[in-house]
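Asker: Quick one: structure below, then a few questions.
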Amino acid sequence: MIVLHGTWVPLDVKGLAGEFFIWGESSTYTKTSRRGRPPKVAPHPFQANRQELIDSLKVINSERNSQIEIYKHLKNIRYNLPSRKKAPQPSERLFYNGDQDPSKEPLQMKTWEIDGLSMKHEDALKLLVSLSEFGLDTKTIRIGTDLIYWSRLSKLFLELILRQKFIPRGLEINEGVKKGNARWKILLDKMEDRITFSEMIQSIPPVCTSILQFEKCGFSKENYVFNFLDFSINECIRNWFSTSRVELKKDSLAKAWLDSLLFGKPMKTNGISLKRVSKEIASWTKSFDDDKQYTFRTSFRLDPPPPESSAAPKPWILHYHLQALDDPTLLISAKKIWKESKDVLHYINRIFYHPQEKLLHDLEKASHLFSPIEQSLHSACPVCAHLTTQEAYLFLKESEMLRESGFGVLIPAWWKNGGSKNSIGLKVKLTSKKPPKSSKGILTFTKIIDYDWEIALGKEPITKEEFENLSKLKEPIVQFRGKWVVLKEDDIEKTINFFKKKRSGTLTLPEALKLVNFSEDKKFDLPINEICTSQWISKLIKQLSREVTFPKLTQPEGFEGKLRPYQTKGYSWMASLTQCGLGACLADDMGLGKTIQCLALLLKQKNEGVETPNLLICPTSIIGNWKREANRFVPSLKVMVHHGKARLKGITFLKEAKSADLIISSYSLTHRDEEELLNIEWNGVILDEAQNIKNYYTKTSQSVRKLNSNYRLALTGTPMENRLLELWSIIDFLNPGYLGTAVEFRKKIAIPIEKYNDSEATTRLKKIIQPFILRRLKTDPRIIKDLPEKIEIKTYCNLTKEQATLYQAIVKDIINRIENESGIKRKGLVLSALTRLKQVCDHPALFLGDNSAISERSGKLKRLVEMLEEILSEGHSALIFSQYAKMGKILKKVLEETFGQEVLFLYGGLSQKVRDQMVLRFLREDGPNLFILSIKAGGVGLNLTKASHVFHFDRWWNPAVENQATDRAYRIGQTQNVMVYKFICEGTLEQRIDDLINSKKKLVKDIIGSGEGWLTNITNKELREILMLKKDIF
């Protein structure tokens, strides 16, 4: 594990000037051997070496699809870090491998030498911005708080560049050699920008300024940050600017200044000329950059003329004011300002210095941005400007430019979003009678929504004659029925053509919902101003948006068990959407019973006469669990499993599938068996663990979208893991086209939210997906009251091919060897075989003990990782029990590499002191979220109530021992419901012994009393039946 660090180095440091320094902390101690005297400054003992840094940056390159070049290797850069006696305090994002005993020594500042890499500034920006945009961590790399900070600052910097917030600064003159250097600087002329950067300066992490050269230069935090920004702006412009764009006479002073500004060439001329140029530049830029000395700004308020009358049209009035920066509601009119003769204006406990000078200066500046202001400056005391309608429209369009230049702008409320709500558009009416159910119980919504439209200005309908009369005025803003509305020239011709079109048509229900939520459709060339719906459509839309509740259904007849209240609500919600032919995503927290809610829906449909089959696609590891749950809760459903080498194909598959109610298959077969699956018209297609199609472009994702069905369902606890496009992929599967194409969604929704934290886009996305996603959390008080305090779930896992082969070989060996043995020797052989079989069920590497590769070899481990992904994404913590210390070490290694975070492991070989420290670290709010424990060492005496999930990776076969282990989390002080998962390999002795434990046979007492010993006393025939591997496992 590597934690990457980096910081800006503004001074010459061993040949480094104005570049970015990258270094890293490693979770592995680096022992350095030196001859002779120890160095005055010791090397950082946990620093990553050069190759580790290069490899880490290559990983970032590949995952972010960026090209970052290493500039040079730097050695012995000195950092002043909080330290203990032998090592620096580790980063909060780092954990050390092994069982180090964290020291209790007090912290003190100490200097360490660190080797690292220097990056070119342009490469550094690429790295920093990519981290900010696409996420900050990988499985083996963590990003330090300093790099996170520079990433955020770089993102803000690029936003300023895109908004063209930079200006030239005065020359840096070297009088000795008569040279001058022109440079750029960032312009912060908006209050919001100043506040943002002030907060950034105050929040700079101490590690950023720990480099010793920072202390030597005497930089303040503000100077340090702006040194980075100034260097960034000059490097970026000089790297991006095209030389062909400079077209000035040769050897002119202006040419020399531009060459210096754009390409970094020194200006060579006499000292007097340099000083004069520098003074003129400073005078010019002062008008853009002098707001820091004021507490108020000039503001403009646009008032429209009074309503229409028989008199000649009156002008629009642009009023001038001074506005307090800290209270935008405090305005002083220009008329009042000119009445004051003093240089200081006192107004409502405020002091305004030089108000008249400020107003005139700003009006002159604003006149360059909006020329109609200039005419008013001919007056000695300008208070307003009179505008034509054309000029008023121009002002409204360019008001944002005035705001960006530091002015206040007050405009009519109807101009919000460019007057889009008060412009020419369509008023669409959606009407339809509720269609009858088909013979299959599903509502026929193929084309049931009728629409018609009429042209409207704002929300007011307008006839063709009225529109033609308004268009003849040739004004961009017109009064219509007492309201001001926008009449864009581009829309006039479209509108005239639209009057000629057919005014009605039909939409599918998904298309109608998209129209309601997006107010756009490719069927309509004009924007949609208003949508009116008939009563039942309005009711359905309110139900989908959760304004009113769906009808609560009763539990379907024949369901074996009892749905909890929240499960009944989820099942009712899915039923309502699927009856409308709409796709639904049930995204409940793990353990809330998504499976049985879905099974209840399938049983309801069967009871209503649906005869076509349903297709369920899920990970291979849970196929057996689905079949088992179906047999348990909905035994009347005919279930068929389509998986494995012996699965049916062609005509045989088609015949059997059509006679079944539910066909269960895996993601891995959707593309391989695409032809067979496409030959069936499915009632419903259901995806469990639907995050498996988060990548739209995979073959699996493409194949499931081709399947024909009346409705689609997605079950997942993590509808989005990293990017919003993952959520789009699931919604697009459920309701194709609803969120537009991937490109449209990324442009309109994903980039504004992920890159710019756009709150409006976030609110809009939440509104438009809410109808199709239902998510409940175990922490929700409304859910907690429906749950028992402890929920035990048996999680059935499949053996991999390697596990099954090893398992069968061990069984064959033991059966042959015990045929002629008895007494103590036989018992020993049986117990040895049981241990080996349990180890194989856990992981082949545990049984073989050969330090072989770990990944993709264990069904249990694969399922554990899948479940922990969801648990960790929700911010929960978990305990994982195993009776084998070696298995615990395997789990620790795999989980740390997979999730990129520390995993604690408590076992018998640790001292009591280290155990206590592990427990305390786990219980801390910011401590690790995963804790592996040996069931012997950690099964009793510990209080670990931070965890709300408990995994028994292998079974002890003594319920009392397992319950004691579970009670490390389920005990007094626990404020959450506890989910307990007991892993069982299907078709093995684990399943058969679990069945015996839960039966009411006399053997239960023996099992509880003697652990596994009872197995040594049964007959060879009984032992064979328990140990043999079932042939129909998946």
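The values are calculated or read from the model by the stated rules, or taken from the named source; none is laboratory data. Because the structure is a prediction, the values reported are computed rather than measured. Cβ coordinates were reconstructed from backbone atoms using ideal geometry, including for glycine residues, and neighbour counts include every protein chain displayed.
Asker: May I ask you to say which residue of Lys838, Lys886 is under 22 Å from Gly938 (Cα atoms), more than 35 Å from the chain's Cα centre (by Cα) and buried (at least 22 other Cβ atoms within 10 Å of the Cβ)?
Answerer: After ruling out the rest, the residue left standing is Lys838.
Asker: Within the range 699-754, considering only helices (runs of 4 or more DSSP H) that don't extend past its boundaries, which have at least 1 residues that are under 23 Å from Asn679 (Cα atoms) and under 21 Å from the mean Cα position of the chain (by Cα)?
Answerer: Answer list for the range 699-754: 699-706, 724-734.
Asker: In contact with a Ser or Thr (Cβ under 7 Å, 6 or more places away or on another chain), under 24 Å from Ser91 (Cα atoms) and assigned to a helix (DSSP H, G or I): does that describe Glu870?
Answerer: Spelling it out, it is not the case that Glu870 is in contact with a Ser or Thr (Cβ under 7 Å, 6 or more places away or on another chain), under 24 Å from Ser91 (Cα atoms) and assigned to a helix (DSSP H, G or I).
Asker: Taking Asn977, is it among the polar types (S, T, N, Q), at pLDDT below 85 and at negative phi?
Answerer: yes
Asker: If you don't mind, another one. Take the range 470-506 and flag every residue that is of a type in the set (Lys, Arg) and either surrounded by 14 or more Cβ atoms within 10 Å (Cβ to Cβ) or within 27 Å of Leu430 (Cβ to Cβ) (or both).
Answerer: Once the filter is applied, which keeps residues that are of a type in the set (Lys, Arg) and either surrounded by 14 or more Cβ atoms within 10 Å (Cβ to Cβ) or within 27 Å of Leu430 (Cβ to Cβ) (or both), the range 470-506 yields Arg481, Lys483, Lys488, Lys494, Lys500, Lys501, Lys502, Arg503.
Asker: Okay, next question. Scanning the range 569-588 for residues that are in a loop (DSSP other than H, G, I, E, B) and among the aliphatic types (A, V, I, L, M), which turns out nearest to the chain's Cα centre (by Cα)?
Answerer: Once the filter is applied, the top-ranked residue is Ala587.
Asker: Which of the following residues is of a type in the set (A, V, I, L, M) and touching a Leu at 6+ places or on another chain (Cβ under 9 Å): Leu904, Leu910?
Answerer: Leu904
Asker: Are any residues in the range 259-292 part of a helix (DSSP H, G or I) and modelled with pLDDT under 65, and if so, which ones?
Answerer: Gly271, Lys286, Ser287, Phe288, Asp289, Asp291, Lys292
Asker: Just one of Lys645, Lys655, Lys649 is over 30 Å from Val950 (Cβ atoms), touching a helix residue (DSSP H, G or I) at 6+ places or on another chain (Cβ under 8 Å), at pLDDT below 95 and surrounded by fewer than 17 Cβ atoms within 10 Å (Cβ to Cβ); which is it?
Answerer: Lys649
Asker: Looking at Leu920, is it crowded, with 21+ Cβ neighbours inside 10 Å and either in a helix (DSSP H, G or I) or of a type in the set (A, V, I, L, M) (or both)?
Answerer: Details: crowded, with 21+ Cβ neighbours inside 10 Å: no; either in a helix (DSSP H, G or I) or of a type in the set (A, V, I, L, M) (or both): yes.
So Leu920 does not fit the description; no.
Asker: Could you please give the count of residues in the range 757-776 that are touching a residue at least 60 places away in the same chain (Cβ under 8 Å) and part of a helix (DSSP H, G or I)?
Answerer: Number of matching residues: 5.
Asker: On to the next question. Quick one: which residue in Asn631, Asn625 is over 29 Å from the mean Cα position of the chain (by Cα), assigned to a helix (DSSP H, G or I) and either at pLDDT below 85 or in the same structural domain as His876 (by TED's automatic domain parsing) (or both)?
Answerer: Details: Asn631 fails: either at pLDDT below 85 or in the same structural domain as His876 (by TED's automatic domain parsing) (or both).
Result of the check over Asn631, Asn625: Asn625.
Asker: Name the residues in the range 777-792 that are surrounded by 14 or more Cβ atoms within 10 Å (Cβ to Cβ) and either free of Cβ contacts under 8 Å to residues at least 12 places away in the same chain or of a type in the set (Val, Ile, Thr) (or both), would you? Let's see the steps before the verdict.
Answerer: Step one: filter the range 777-792 for residues surrounded by 14 or more Cβ atoms within 10 Å (Cβ to Cβ), giving 777-780, 783-784, 786-787, 790-792.
Scanning the range 777-792 gives Thr779, Asp780, Ile783, Ile784, Ile791.
Asker: Suppose the filter is modelled with pLDDT of 85 or more, among the aromatic types (Phe, Trp, Tyr), within 24 Å of Pro306 (Cα to Cα) and assigned by TED's automatic domain parsing to the domain that holds Lys336; does Phe395 pass it? So that I can check it myself, show each step before the final result.
Answerer: Working: modelled with pLDDT of 85 or more: yes; among the aromatic types (Phe, Trp, Tyr): yes; within 24 Å of Pro306 (Cα to Cα): yes; assigned by TED's automatic domain parsing to the domain that holds Lys336: yes.
Considered against the rule, which asks whether it is modelled with pLDDT of 85 or more, among the aromatic types (Phe, Trp, Tyr), within 24 Å of Pro306 (Cα to Cα) and assigned by TED's automatic domain parsing to the domain that holds Lys336, Phe395 comes out as yes.
Asker: I'm trying to understand the selection: among the residues of the range 616-629, which are hydrophobic (A, V, I, L, M, F, W, C) and either closer than 18 Å to Lys860 by Cα or surrounded by fewer than 24 Cβ atoms within 10 Å (Cβ to Cβ) (or both)?
Answerer: Selection gives Cys618, Ile622, Ile623, Trp626.
Asker: For the structure I just gave you, tell me whether Gln89 is more than 25 Å from Phe157 (Cα to Cα) and either modelled with pLDDT under 65 or not small (Gly, Ala, Ser) (or both).
Answerer: yes
Asker: Right, something else. For the range 851-878, enumerate the residues that are among the small types (Gly, Ala, Ser) and more than 26 Å from Thr945 (Cβ to Cβ). Walk me through how you get there before you give the answer.
Answerer: In the first step, residues of the range 851-878 are kept if they are among the small types (Gly, Ala, Ser); the result is 852-853, 855, 858-859, 873, 875, 877-878.
Listed by number, the residues that qualify are Ser852, Ala853, Ser855, Ser858, Gly859.
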